[in-house]
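Engineer: Have a look at this one.
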Number of protein chains: 2
Amino acid sequence: MATNIPTRLYLAEDELPANWYNLRADMREKPEPILHPGTLRPAAAADLEPVFCKEPVKQELDETIRYIPIPPGLLEFYKAYRPAPLIRARFLEKALETPAEIYYKHEGTNTSGSHKLNSAAAQAYYAKEEGLKALTTETGAGQWGSAMAMACAFYGLDLTVYMVKVSSEQKPYRKALIETYGANLIPSPSNTTDAGRKILERDPNTGGSLGCAISEAIETAVKTDKCRYVLGSVLNHVLLHQSIIGQEVKAAFDKYGIKPDIIIGCAGGGSNLGGLISPFMGEKLAGKSNIRFIAVEPASCPSFTRGKYAYDFGDTGKTTPLLKMYTLGNGFIPSANHAGGLRYHGMNSVLSKLHHDGFLEARAEVQTEVFDAAVRFAKIEGILPAPESSHAVKVAIDEALECKRTGEKKTILFGLTGTGYFDMTAYMAYNAKTMSDYIPTDADLERGFATLPDIPRTRRFSL
Amino acid sequence: MATNIPTRLYLAEDELPANWYNLRADMREKPEPILHPGTLRPAAAADLEPVFCKEPVKQELDETIRYIPIPPGLLEFYKAYRPAPLIRARFLEKALETPAEIYYKHEGTNTSGSHKLNSAAAQAYYAKEEGLKALTTETGAGQWGSAMAMACAFYGLDLTVYMVKVSSEQKPYRKALIETYGANLIPSPSNTTDAGRKILERDPNTGGSLGCAISEAIETAVKTDKCRYVLGSVLNHVLLHQSIIGQEVKAAFDKYGIKPDIIIGCAGGGSNLGGLISPFMGEKLAGKSNIRFIAVEPASCPSFTRGKYAYDFGDTGKTTPLLKMYTLGNGFIPSANHAGGLRYHGMNSVLSKLHHDGFLEARAEVQTEVFDAAVRFAKIEGILPAPESSHAVKVAIDEALECKRTGEKKTILFGLTGTGYFDMTAYMAYNAKTMSDYIPTDADLERGFATLPDIPRTRRFSL
């Protein structure tokens with residue numbers, strides 16, 4: 001174990017990693033390709049460019065280039081809020097009386113309150129470079145929408161945000177934040193799109209879902225001049241941008257001679273988890289380390305732990321390309337739990353492949369226990385975590401207590417993806433003890449799986 | 001001008017200042033003493049100890065010790081969130097096309113969202129050391145209440161917070177945050193104290209004031225066993241704790257060879273402003289620099305710019321010792337503007353003395369223009385400032401634009417005391433253009449001045 005480690009392991013500005021890391025370049029077994037939903041053949045750049053910005057499409061499909069330089073015009077923006085603090089949880093260690101060393105990477109110090117800004121800034125930067133005027137997107141918890149609003153304000157782009165209706169009601173301040181940065185916010189499902197109208201016809205009282213908001217945002221993007229759609233998670237280019245998180249941790253750990261044994265991250269679409277673990281997973285795949293990686297998801301939306309590894313649409317409207325992933329089915333609408341950022345039916349393809357191949361563990365947690373851990377962490381470490389991040393806090397505490405039981409002095413790292421400052425409605429429910437744990441029944445899951453596309457086995461294997 | 005200055009001028013953990021700086025030790029003309037309200041003689045420690053914790057009382061009265069060591073058990077807590085970022089506002093400079101260099105000290109990265117935690121942690125630490133079980137306090141904007149809730153959770157003390165009623169209604173999430181950290185929150189005026197009941201009788205619909213909430217908190221503290229009252233601003237020991245802000249800036253500026261020409265801070269009770277300017281003011285008083293210091297207050301609560309320099313009570317209930325300060329009168333209740341932390345009738349004695357003696361300028365700003373500056377800053381620099389901090393942002397922009405006019409390449413520093421994440425109601429009002437500028441009439445001020453205590457001139461000079 002290293003000595004003389006400060007509480008906060010800051011990197012200096014000139015130690016900020018200059019490259020993203022593309023994990024796929026180091027995977028011998030590549031993730032399954034994205035398929036065009038019509039032809040069922042691997043999607044080409046030309047298939048994706050009507051919807052997405054050009055450079056991100058290139059990044060989405062590239063599986064060979066290991067390090068991708070962060071453009072200077074973006075790096076400048078990163079420097080306004082990065083490197084993000086990497087903190088030794090000394091108080092938590094002491095309170096738990098654990099022999100484990102616990103570190104957390106705190107991505108919540110920027111105004112959007114989460115790691116989402118890392119990809120939002122990148123995507124807005126590329127859109128501006130490409131000469132676009134506007135972007136559309138969706139947001140669940142509101143973190144991605146806030147991040148995109150900040151990024152678009154900075155780079156001078158118009159932005160329309162479809163916000164999952166239940167979130168826009170639970171989080172009026174998130175809505176206000178997004179609007180303060182100048183974005184046009186529309187609760188989803190809405191009457192502004194065919195996709196939204198269709199869902200409202202079927203279920204006028206729906207609280208919405210990420211999958212549905214995505215359909216609306218894509219539809220608006222393709223119908224608008226000089227406009228594209230941006231997504232905050234699930235896709236490979238988003239994970240690439242988020243690799244800045246893991247790159248920074250790796251640089252700081254190398255600087256202080258720290259070697260993690262367990263890395264824990266919450267998993268919704270996978271962007272934070274993928275970004276955090278990327279460089280460490282690369283070493284594991286190369287046989288250079290034996291780190292355990294743990295994805296934590298809500299028991300109410302358990303794609304890794306109870307989903308199917310299958311091709312599925314990314315959205316409820318079945319308009320996106322097909323992704324091979326752990327999924328609950330594009331029609332699965334999770335109960336209104338308080339971790340809005342973890343209410344997505346699917347999971348990034350790279351992470352899905354890694355889980356399928358046994359490199360990435362997964363665990364599902366119920367929200368009352370997650371909030372128990374969150375409040376405990378807040379009182380001890382002084383930072384109020386986002387409900388999403390609290391899933392990682394819960395498992396980090398569990399693993400530290402396991403070390404206490406066994407006496408092992410492990411080094412645990414977890415991703416504190418964001419702060420809960422805009423999630424006080426959730427904490428109010430927790431304080432008032434009105435919070436429930438929703439666990440889908442097998443029948444709920446079957447209804448979701450019934451929405452999976454029927455892809456002929458022969459076609460899949462002929463690719 | 002210095003070169004190779006990073007965007008964020010971090011100090012390493014071992015560069016964190018180990019001492020607070022007591023500006024009074026370097027003032028040849030000392031501020032007027034605190035008076036016992038009964039005898040009108042300078043208050044002694046024994047007069048203050050029934051209300052306040054012992055060590056802070058010692059610090060309150062000491063005018064001779066220049067550097068006061070920060071206790072190790074407190075420094076450990078400081079290290080969890082300090083040193084606070086000192087940021088070069090490169091994007092703002094560029095957007096304003098100013099030759100000025102602009103820096104801001106960002107105190108909003110901790111969960112309480114402001115600098116208040118610096119003194120909250122200190123006061124909770126001393127209370128614990130003294131063997132107390134509980135504390136009471138008041139909060140206006142909610143920042144101090146949040147900070148005390150965090151500090152008491154950390155050091156294991158019970159806490160009752162009287163929150164100015166209008167703030168508790170404007171900021172339900174602040175209330176929830178304070179409660180999540182385990183404090184007992186009571187909107188003020190309340191029926192739990194004689195002081196509260198008296199005010200409610202006179203005006204049942206009052207939104208409350210800091211002065212009134214202070215009366216309630218003091219009354220409860222003195223009636224409760226092993227309990228004391230803590231205050232988050234105005235008093236000298238609070239400014240002493242906040243000197244960590246200026247000490248850090250000074251250390252970073254010295255490290256990079258930067259010399260400020262203008263230092264700007266918002267002023268409510270004076271804690272942030274006093275803390276930020278202390279070490280620089282010490283140099284000015286010693287004739288070693290010619291820095292301009294600017295206090296910015298809301299036009300709706302203009303103690304420096306339209307108040308009287310007189311002895312007054314710190315609270316509406318007239319229960320505190322008397323302080324010589326710029327004051328609008330203890331009975332002055334400012335209009336319900338959105339900078340809850342700047343709605344106090346008086347001002348710290350040291351700062352009042354410095355203003356009276358010509359060392360500290362003051363300016364009053366209306367809130368719509370303050371919010372114009374805040375939103376501009378947010379879009380350019382990426383951080384949504386607290387309404388209070390935005391007063392400093394406004395004047396920093398004005399001064400930078402003045403440099404543009406004159407061509408002078410000045411170095412401007414301002415205090416970004418906190419973030420606006422819990423102030424979204426204010427931003428919603430701004431976005432909806434329903435925000436008004438309240439400026440008290442001369443008659444309003446006269447009503448306030450009529451509440452000033454009548455202290456015989458002879459008694460005052462016989463001290």
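Bear in mind these aren't lab numbers, they're just calculated from the coordinates by the rules spelled out. Keep in mind that what you see is a predicted model, and the values were worked out from it rather than measured. Heads up, the Cβs are rebuilt from the backbone with ideal geometry, glycines too, and the neighbour counts pull from every protein chain shown.
Engineer: Along Cα→Cβ, 7 Å out, is where each label goes; now give me the distance between the ones at residue B:292 and residue B:433 in nm to one decimal.
Structural biologist: My value for the distance between the label points is 3.4 nm.
Engineer: Would you mind counting up the charge near residue A:143? Only other residues with Cβ under 9 Å from its Cβ, with Lys and Arg at +1 and Asp and Glu at -1.
Structural biologist: Once all neighbours under 9 Å are counted, the net charge is +1.
Engineer: Under the rule of at least 5 residues apart or a separate chain, name every residue whose amide H is placed under 5 Å from the amide H of residue A:70.
Structural biologist: A:19, A:20
Engineer: Where does the longest stretch of chain B lie that holds no GluC sites (Glu not before Pro) found in a DSSP loop with 13 or fewer other Cβ atoms within 10 Å?
Structural biologist: The answer is B:98-407.
Engineer: Averaged across the residues of B:147-154, what count of C-beta atoms belonging to other chains lies within 10 Å of each residue's C-beta?
Structural biologist: What the average comes to for B:147-154 is 2.
Engineer: For residue A:289, which inter-copy label distances result when the label point lies 7 Å beyond Cα on the Cα-to-Cβ vector, reported in nm to one decimal and in ascending order?
Structural biologist: Nearest first, the other copies' label points are 4.3 nm away.
Engineer: Separation between the residue A:41 and residue B:455 pseudo-spin-labels, each 7 Å from Cα along Cα→Cβ, expressed in nm?
Structural biologist: Spacing of the two 7 Å Cα→Cβ label points: 8.9 nm.
Engineer: Please state the shape class of segment A:1-65: rounded when a/c is under 1.5, otherwise prolate if a/b exceeds b/c and oblate if not, all from the C-alpha gyration tensor.
Structural biologist: On the way: a/c = 3.94, a/b = 2.37, b/c = 1.66.
Because a/c hits 1.5 or more and a/b exceeds b/c, segment A:1-65 counts as prolate.
Engineer: Given a Förster radius of 35 Å and the C-beta distance between residue A:19 and residue B:30 as r, what FRET efficiency does 1/(1 + (r/R0)^6) yield to the nearest 0.05?
Structural biologist: That gives a FRET efficiency of 0.05.
Engineer: If you don't mind, another one. Could you work out, residue by residue across B:4-13, how many beta carbons of other chains sit within 10 Å of that residue's beta carbon, and then give the average as an integer?
Structural biologist: 4
Engineer: Under the rule of at least 5 residues apart or a separate chain, name every residue whose amide H is placed under 5 Å from the amide H of residue B:186.
Structural biologist: Amide H to amide H, under 5 Å and 5 or more residues apart or across chains, residue B:186 pairs with B:161, B:162, B:163.
Engineer: Moving on to the next point. Does the protein assembly as shown come out rounded, prolate or oblate, given a ≥ b ≥ c as the square roots of the eigenvalues of its C-alpha gyration tensor, rounded meaning a/c under 1.5 and, failing that, prolate meaning a/b above b/c? Present the calculation step by step, with values, prior to reporting the outcome.
Structural biologist: On the way: a/c = 1.83, a/b = 1.82, b/c = 1.01.
Prolate.
Engineer: Same structure again: Pop out the ³J(HN,Hα) list for segment A:92-100 in order, Karplus 6.51 cos²θ - 1.76 cosθ + 1.60 with θ = phi - 60°, rounded to Hz; leave Gly and Pro as x.
Structural biologist: Values, residue by residue: 5, 3, 5, 5, 7, 6, 9, x, 5 Hz.
Engineer: May I ask you to list, by number, the DSSP H helices of chain A whose Cα span along the axis is at least 24 Å and whose average Kyte-Doolittle hydropathy reaches -1.0 or more? Don't jump to the answer; show the numbers that get you there.
Structural biologist: Working: long enough: A:236-256 (30 Å, -0.13); A:387-406 (29 Å, -0.44).
Qualifying helices, which must be both long enough and hydrophobic enough, are A:236-256, A:387-406.
Engineer: Related question: Return the average number of partner chain Cβ atoms within 10 angstrom of each residue Cβ along peptide A:375-383.
Structural biologist: 5
Engineer: Count charges around residue B:115 for me, please; just the other residues with Cβ under 12 Å from its Cβ, Lys/Arg as +1, Asp/Glu as -1.
Structural biologist: Summing Lys and Arg as +1 and Asp and Glu as -1 gives 0.
Engineer: Another question about this same structure. Rounded to the nearest 20 debye, what is the charge dipole size of segment B:356-463 about its Cα centre when +1 sits on each Lys and Arg Cβ and -1 on each Asp and Glu Cβ?
Structural biologist: About 200 debye.
Engineer: May I pose another question? Taking 1 over the mean of 1/r across every pair of different Cα atoms in segment B:201-272, what Kirkwood radius in Å do you get?
Structural biologist: Radius from the Kirkwood sum: 15.6 Å.
Engineer: Could you list which residues have their amide H under 5 Å from that of residue B:53, counting only those 5 or more apart in sequence or on another chain, with H placed in the peptide plane?
Structural biologist: The answer is B:229.
Engineer: Where the label is 7 Å out from Cα toward Cβ, how close does residue A:4 come to the same position in every other copy, in nm, shortest first?
Structural biologist: Once sorted, the set of distances for residue A:4 reads 2.2 nm.
Engineer: With n ≥ 4 as the cut-off for DSSP H runs, can you work out [θ] at 222 nm for the protein assembly as shown, using -39500 (n - 2.57) per run divided by the number of residues, rounded to the nearest 500?
Structural biologist: On the way: 38 runs with 389 residues, N = 926.
It lands at -12500 deg cm²/dmol.
Engineer: Quick one: of B:353/B:409; A:94/B:133; A:308/A:353; A:259/A:288; A:284/A:410; B:259/B:410, which pairs are farther than 19 Å apart, Cα to Cα?
Structural biologist: Details: B:353/B:409 30 Å; A:94/B:133 22 Å; A:308/A:353 12 Å; A:259/A:288 12 Å; A:284/A:410 17 Å; B:259/B:410 9 Å.
Pairs exceeding 19 Å: B:353/B:409; A:94/B:133.
Engineer: Next question. Per-residue HN-Hα couplings for segment A:45-52, Karplus 6.51 cos²θ - 1.76 cosθ + 1.60 at θ = phi - 60°, whole Hz, x for Gly and Pro?
Structural biologist: Once θ is set to phi - 60°, the couplings for segment A:45-52 become 3, 4, 6, 8, 5, x, 9, 9 Hz.
Engineer: Can you find, among A:75, A:263, A:234, the residue farthest towards the positive end of the dipole of chain A? Put +1 on the C-beta of Lys and Arg, -1 on that of Asp and Glu.
Structural biologist: Value computed over the given set: A:263.
Engineer: Provide an ascending nm list, one decimal, of label-point separations from residue A:64 to the equivalent residue in each further copy; define each label point as 7 Å from Cα along Cα→Cβ.
Structural biologist: 7.9
Engineer: So, in nm, how far is label residue A:12 from label residue B:405 when the simple model puts each one 7 Å beyond its Cα toward the Cβ?
Structural biologist: Placing both labels 7 Å beyond Cα along the Cβ direction yields 4.0 nm.
Engineer: Can I ask one more? Ordered by residue, what ³J(HN,Hα) values in Hz, to whole numbers, does segment A:17-23 give under the Karplus form 6.51 cos²θ - 1.76 cosθ + 1.60, where θ = phi - 60° and Gly and Pro are x?
Structural biologist: Ordered by residue, 3J(HN,Hα) equals x, 8, 10, 7, 10, 9, 4 Hz.
Engineer: Within segment A:39-73, name every residue whose backbone N is under 17 Å away from a label modeled 7 Å from Cα of residue A:254 along the Cβ vector.
Structural biologist: Residues passing the 17 Å test: A:66-70.
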